[in-house]
Amino acid sequence: MTVELVDVSKTIHHIQVLKNVSFKFENHQIYGLTGRNGSGKTMLIRAIAGLLVPTSGKVIVDNQTLHDKIDFPPDIGITIENTSFPNDLSGLENLLALSKIKKIATINDIKDAFHDVGLSEENWNTKVAHYSLGMRQKLSIAQAIFEKPKLLLLDEPTNGLDEESTWILRKSLKKMSDGGTTIIIASHDKDDINLLSNVILRISNGQIVDKVMPD
């Protein structure tokens, strides 16, 4: 799935949080958005997800302009920082409930997603109320990938993850990108972005100011 930003700007309460951003995200790539807190990374993620309507400019997903005939990209998976889940349900019960909305994922798809983020079978059946920060983060990523989306947007996905879990995530994302998924990750952690991404975009004051390849 391709995503093209054409002169995208956004003003909120007289503050310009995105400034004439133009860029094309291609298939088979993992893009990392890095920059200080408040630089515009999350705003860019929200604009691509259709959760933020640009003041000017266009977001085009597979030749369809958002907020024209469609408001949200089709076939999308997304995590927003601090995703919440019902605490009285287990991780498996949470994703089974979500799977009933689109009805395109099987229980095996859910279990595969748990495996891909490093959640054990014991974790699947544990109530979310007893999850650690890292387990909650893995559950959030699992809900974003279990329906095998063609566009995956991850906001601060390594928050609460240790180094081993970050490597597991990297392996899973690489498998998805090889299968054609366009992946865009926002993080303030340069090391994690360097580890997870094929292409790194540095964001500052609501603009893409640099494009680099990871070390």
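The values are calculated or read from the model by the stated rules, or taken from the named source; none is laboratory data. Computed from a prediction, not measured in an experiment: that's the story for all the values here. Every residue, glycine as well, gets a Cβ built from its backbone with ideal geometry; the counts of neighbours run over all protein chains shown. Side chains included, ligands, DNA and RNA excluded: accessible areas come from the protein's heavy atoms. Shrake-Rupley method; radii C 1.70, N 1.55, O 1.52, S 1.80 Å.
Take Ser99 and tell me if it is surrounded by 16 or more Cβ atoms within 10 Å (Cβ to Cβ), small (Gly, Ala, Ser) and more than 17 Å from the chain's Cα centre (by Cα). Please lay out each step first, then the result.
Working: surrounded by 16 or more Cβ atoms within 10 Å (Cβ to Cβ): yes; small (Gly, Ala, Ser): yes; more than 17 Å from the chain's Cα centre (by Cα): yes.
When the stated conditions are applied, Ser99 passes them.
Among the residues of the range 1-39, those identified as farther than 26 Å from Thr158 by Cα and buried (at least 21 other Cβ atoms within 10 Å of the Cβ) are Val8, Lys10.
A search for C-beta distances below 6 Å between a residue of the range 178-202 that is closer than 10 Å to Pro214 by Cβ and any residue that is part of a loop (DSSP other than H, G, I, E, B) and of a type in the set (Asp, Glu), counting only pairs 6+ apart in sequence or on different chains, returns Asn194/Asp215. In the condition set (1) open to solvent by less than 20 Å² (accessible area, probe 1.4 Å); (2) modelled with pLDDT of 95 or more; (3) within 25 Å of Glu26 (Cβ to Cβ), Val128 is compliant with all but (3).
Tallying residues that are out of contact with any Leu (no Cβ under 7 Å at 6 or more places or on another chain) and assigned to a loop (DSSP other than H, G, I, E, B) within the range 120-130 yields 2.
May I ask you to list the residues in the range 76-106 that are free of Cβ contacts under 8 Å to residues at least 12 places away in the same chain and of a type in the set (A, V, I, L, M, F, W, C)?
Going through the range 76-106, the residues free of Cβ contacts under 8 Å to residues at least 12 places away in the same chain turn out to be 82, 84, 93, 97, 100-101, 103, 106.
Ala97, Ile101 - these are the residues of the range 76-106 that are free of Cβ contacts under 8 Å to residues at least 12 places away in the same chain and of a type in the set (A, V, I, L, M, F, W, C).
Does the range 54-75 hold any residues that are among the hydrophobic types (A, V, I, L, M, F, W, C) and either touching a residue at least 24 places away in the same chain (Cβ under 8 Å) or loosely packed, with under 12 Cβ neighbours inside 10 Å (or both), and which are they? The answer is Val59, Ile60, Val61.
Residues are listed down the side, and each one gets a yes or a no for (1) within 17 Å of Gly77 (Cβ to Cβ); (2) open to solvent by 10 Å² or more (accessible area, probe 1.4 Å); (3) in a helix (DSSP H, G or I); (4) of a type in the set (Phe, Trp, Tyr):
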{"site": "Asp116", "(1), (2), (3), (4)": "yes, yes, yes, no"}
{"site": "Gln143", "(1), (2), (3), (4)": "yes, yes, yes, no"}
{"site": "Lys148", "(1), (2), (3), (4)": "yes, yes, no, no"}
{"site": "Glu164", "(1), (2), (3), (4)": "no, yes, yes, no"}
{"site": "Leu173", "(1), (2), (3), (4)": "yes, no, yes, no"}
{"site": "Ala186", "(1), (2), (3), (4)": "yes, no, no, no"}
{"site": "Lys211", "(1), (2), (3), (4)": "no, yes, no, no"}
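Scanning for something in a loop (DSSP other than H, G, I, E, B), within 16 Å of the chain's Cα centre (by Cα) and of a type in the set (A, V, I, L, M), does the range 62-85 turn up at least one residue? Yes, the range 62-85 contains at least one residue that is in a loop (DSSP other than H, G, I, E, B), within 16 Å of the chain's Cα centre (by Cα) and of a type in the set (A, V, I, L, M).
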